[in-house]
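Take a look at the structure below.
The values are calculated or read from the model by the stated rules, or taken from the named source; none is laboratory data. Small disclaimer: the values here were computed from a predicted structure and weren't measured. Quick note on the areas: whole protein, heavy atoms, side chains included, nothing else; ligands and nucleic acids left out. Shrake-Rupley method; radii C 1.70, N 1.55, O 1.52, S 1.80 Å.
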Amino acid sequence: GFKGATPPAGFTAVPTFTVEVVGSSTDSVLFGTCVTPSPSHIFGNNAFLDGFIFFTSGSLAGLFSVIEGNRDTVVSSVHYNQFNVYQSFPWLPITGDSFYASATFPINQADGQYFGFPYVPAPEMWG
């Protein structure tokens, strides 16, 4: 997978999921069951907003897409993590395929582990 995947707020590990093809699954709306670090955990709305999904198994292994949003969805009385992605995958994954979901990268120092360059001098300082 990609280096720099970011756990969602309150977690120290990037969660992994298995695909569940249910309800209105499409190539851009995916349903997943959390496997690690907290099995069957349902994440809060938009916990992964602007992060990314990266497939680690199945016919989509190695492909990724940016997450437009996520939410808890109930299908036949079962709760699933629903992920909507900006760029559709080339085809629908199948039940049991695996992926991980990364939250967005921190974009300011107050967000926690900042990955940017906070002290870049202004261009006019290079004289």
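Rounded to the nearest percent, how much of the accessible area of the stretch 1-92 (1.4 Å probe, protein heavy atoms only) is carbon and sulfur? Of the solvent-accessible surface of the stretch 1-92, carbon and sulfur hold 55 percent.
In sequence order, the stretch 81-88 has phi-based couplings of 7, 9, 10, 9, 10, 5, 9, 4 Hz under the Karplus curve 6.51 cos²θ - 1.76 cosθ + 1.60, θ = phi - 60°, and Gly or Pro positions carry x.
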